[in-house]
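Enquirer: One structure follows; several queries about it will come next.
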Amino acid sequence: MTRRPSGFVSLVLLVAACALLGVALPNVGNVLRAATADGVPGTFTARQLSCVRHPGHETCEWVGSFRSADGTSALESVRMYGRGRDSLAEGQRVAAVDVGLPGRVYGPGGSREWIFTGLLLLAGYALFALVAKRHLMPPPARPSTTTAASRPLPEGDAPREETLAGAEPHRLP
């Protein structure tokens with residue numbers, strides 16, 4: 001007898017898959033543009049360093065302004081992705097690209113944010129595949145636990161009778 005998959009476990013896996021994909025899918029276009037630095041080129045001017053301390057490390061970003069190279073776009077209070085404490089100084093200007101994300105610009109070399117988004121996508125699709133396998137695939141065949149004596153005889157084979165000298169006929173299975 002095979003066990004049916006647990007409905008509760010499958011529901012939890014399905015909710016987790018939906019959550020992972022719900023976080024990752026809307027960002028695919030943005031992270032691909034950021035990875036390839038596909039956007040409006042311009043200049044970022046560093047104004048202020050913003051740091052957050054976590055247990056064991058510190059994360060810093062520069063906040064400043066962005067001006068497109070053609071002068072048609074100007075953004076204030078944007079953060080420069082990938083630039084830490086020692087990478088810029090206040091008032092310094094560096095090349096940047098606006099990929100369309102509000103409040104964030106990137107260097108001309110792009111970013112590696114796509115790696116995390118890709119991992120979220122893979123995990124979400126893997127959980128969906130697991131739920132599908134649990135519920136849509138037939139269960140694997142289990143090896144038979146019956147013994148030779150309890151197996152039914154193939155059709156057309158009747159039990160044989162043997163007699164010993166002076167004994168009554170005995171049926172063999």
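The values are calculated or read from the model by the stated rules, or taken from the named source; none is laboratory data. On a predicted model such as this, the values are computed, not experimentally measured, just so you know. All Cβ positions, glycine included, derive from the backbone under ideal geometry; neighbour counts span all protein chains shown. Remember, those area values only see protein heavy atoms, side chains included, never the ligands or the DNA or RNA. Shrake-Rupley method; radii C 1.70, N 1.55, O 1.52, S 1.80 Å.
Enquirer: Please report the net charge: other residues with Cβ closer than 13 Å to the Cβ of Asn27, K and R +1, D and E -1.
Expert: Net charge in that neighbourhood comes out at +1.
Enquirer: Ordered by residue, what ³J(HN,Hα) values in Hz, to whole numbers, does segment 70-81 give under the Karplus form 6.51 cos²θ - 1.76 cosθ + 1.60, where θ = phi - 60° and Gly and Pro are x?
Expert: Along segment 70-81, the couplings run 8, x, 8, 10, 9, 10, 10, 6, 9, 9, 8, 5 Hz.
Enquirer: Obtain the nm distance between the two label points defined at Arg53 and Leu32 by a simple spin-label model: each point lies 7 Å from its Cα along the Cα-to-C-beta direction.
Expert: Placing both labels 7 Å beyond Cα along the Cβ direction yields 4.2 nm.
Enquirer: Let me ask something else. Along the charge dipole of segment 1-108, pointing to its positive end and built from +1/-1 on Cβ of Lys, Arg, Asp and Glu, which listed residue (Gly64, Leu25, Val9) has its Cα farthest out?
Expert: Towards the positive end, the residue furthest out is Val9.
Enquirer: Right, something else. Using Cα pairs closer than 8 Å and at least 6 residues apart in sequence, work out the relative contact order for segment 26-89, in percent.
Expert: 27 percent
Enquirer: Then there is this: Could you provide, to the nearest whole Å², the per residue accessible area of segment 24-118 with probe 1.4 Å?
Expert: About 58 Å² of surface per residue is accessible.
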